[in-house]
Protein chains: 2
Amino acid sequence: MNVVMLLYPNLTQLDLTGPYEVLARYKELTLHLVWKDCEPVRDVSGLRIVPTTSFDDCPQADILFVPGGPGQVALMEDAEVLDFLRRQAAGARYVTSVCTGSLVLAAAGLLTGYRATCHWLSLPQLALFGVEPVPERVVIDRNRISGAGVTSGIDFALALMAQLFGEERAKAAQLMIEYDPAPPFAGGSPSSASPETISAVKALTDGFQANREAVSTRVAAALKH
Amino acid sequence: MNVVMLLYPNLTQLDLTGPYEVLARYKELTLHLVWKDCEPVRDVSGLRIVPTTSFDDCPQADILFVPGGPGQVALMEDAEVLDFLRRQAAGARYVTSVCTGSLVLAAAGLLTGYRATCHWLSLPQLALFGVEPVPERVVIDRNRISGAGVTSGIDFALALMAQLFGEERAKAAQLMIEYDPAPPFAGGSPSSASPETISAVKALTDGFQANREAVSTRVAAALKH
């Protein structure tokens with residue numbers, strides 16, 4: 001089975017590297033990292049990952065995966081990327097995302113009428129695209145599977161692997177990566193964080209989020225015509 | 001502050017990319033990915049990451065970090081790597097690791113007399129090097145900070161950032177990466193996993209672990225002379 005994972009400039013690398021770590025432990029899966037070309041792609045923090053294939057050479061995905069990150073905003077208006085995703089999705093068994101990757105799938109029209117999740121800061125934007133926003137860590141609706149923000153990719157990947165290859169092997173993968181998380185603080189989600197912490201995050205991201213929402217609004221309006 | 005993160009062939013990429021995601025959110029830190037040269041380094045599953053600097057050009061670390069993974073076994077007998085780590089550690093404020101990265105630090109003599117942790121499968125090997133093995137997710141002993149297996153790197157990084165820059169900002173980072181983990185199954189650690197799951201993992205790793213232990217035993221004996 002081919003897993004096609006989209007790489008792109010200014011992604012949030014852990015959205016991709018978390019699921020990659022889980023999926024790589026299944027010998028049935030061949031993981032492809034795809035971008036327009038095979039030059040190293042910089043994540044938003046400067047980590048450079050090398051694609052394994054280009055859009056032109058990429059095999060048909062059995063599992064199509066789109067991570068999120070600030071670079072996602074540009075992808076929503078990139079016809080080459082959206083066309084690639086639509087072509088791949090048409091033949092894929094699963095169409096999946098983590099974090100704001102779901103906004104890219106939505107911009108390609110691939111989540112219309114589905115339930116999905118997203119990073120909490122951007123979750124409401126899914127509704128602009130006719131997608132039902134669900135504030136859960138992993139959301140499965142038919143063959144669309146989405147994870148919430150960044151670190152949820154590990155939970156997402158284990159859930160997907162359990163569905164495909166059974167719980168016992170997913171449990172072994174989980175033990176192999178010692179996934180027994182112990183966050184040092186409460187408050188990793190907006191439902192448990194203090195108002196002060198939520199305000200601090202919003203203050204850091206307000207300008208960026210306003211632009212992201214403006215782009216989502218524009219793309220969603222165009223999608224309806 | 002310079003964070004020097006060791007990249008090497010056949011590392012487990014999430015050991016590094018998990019902490020990277022947390023640390024990258026602190027503008028006070030400059031992250032360096034270092035190997036012998038600047039060619040892309042393949043992780044054990046084939047993910048290629050590009051170093052930002054070489055041993056020769058690397059600045060002095062304020063935080064020195066070593067991830068784990070199968071490639072760690074070769075590093076334990078690689079004099080160039082061990083010399084680099086010893087030189088860097090001498091001037092570093094923190095000397096840190098995730099997963100079997102602690103065995104590399106131990107092989108360099110940098111954990112002798114300290115408490116530390118490691119991936120659960122390899123934790124007992126620390127004792128060969130005069131290191132006290134501690135079965136906890138994050139272990140802080142003076143300026144040595146270690147995380148347990150793979151995914152513990154996120155907990156490790158948040159704990160380190162809280163120590164350096166305070167809890168409020170660490171909480172904001174945690175909320176930004178939506179770190180509110182929801183493992184789909186219990187059993188992500190050997191203390192909570194079923195005997196069947198533990199057996200399944202051991203069956204997959206027995207041969208590799210036997211060699212890893214043989215190398216640790218040999219390197220530890222040489223270190224004492």
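The values are calculated or read from the model by the stated rules, or taken from the named source; none is laboratory data. Since the model is a prediction, treat every value here as computed from it, not as a measurement. Glycine gets a Cβ as well: all are built from the backbone with ideal geometry, and neighbour counts include every protein chain shown.
Here is a check on your reading of the model: is B:LEU33 within 25 Å of A:LEU16 (Cα to Cα) and in contact with a helix residue (DSSP H, G or I) (Cβ under 7 Å, 6 or more places away or on another chain)? No. Residues that are in contact with a helix residue (DSSP H, G or I) (Cβ under 6 Å, 6 or more places away or on another chain) and of a type in the set (Lys, Arg) do occur in segment A:166-188.
When A:ALA106, A:ALA89, A:ALA173, A:ALA162 are screened for being touching a Phe, Trp or Tyr at 6+ places or on another chain (Cβ under 6 Å) and at pLDDT 95 or above, only A:ALA106 passes. A residue that is surrounded by 24 or more Cβ atoms within 10 Å (Cβ to Cβ), within 21 Å of B:GLY188 (Cα to Cα) and within 13 Å of the chain's Cα centre (by Cα) occurs somewhere in segment B:156-167. Can you pull out the residues in segment A:41-81 that are within 14 Å of chain B (Cβ to nearest Cβ) and among the aliphatic types (A, V, I, L, M)? Matches in segment A:41-81: A:VAL41, A:VAL44, A:LEU47, A:ILE49, A:VAL50. Among (1) surrounded by 12 or more Cβ atoms within 10 Å (Cβ to Cβ); (2) over 22 Å from the mean Cα position of the chain (by Cα); (3) of a type outside the set (Gly, Ala, Ser), which single condition is B:HIS225 missing? For B:HIS225, the exception is condition (1). If I filter segment A:25-32 for residues that are in contact with a Pro (Cβ under 6 Å, 6 or more places away or on another chain) and within 12 Å of chain B (Cβ to nearest Cβ), do I get at least one hit? No, the conditions are met nowhere in segment A:25-32. For segment A:94-105, the count of residues that are over 27 Å from A:ALA170 (Cβ atoms) and in contact with a Ser or Thr (Cβ under 8 Å, 6 or more places away or on another chain) is at least one.
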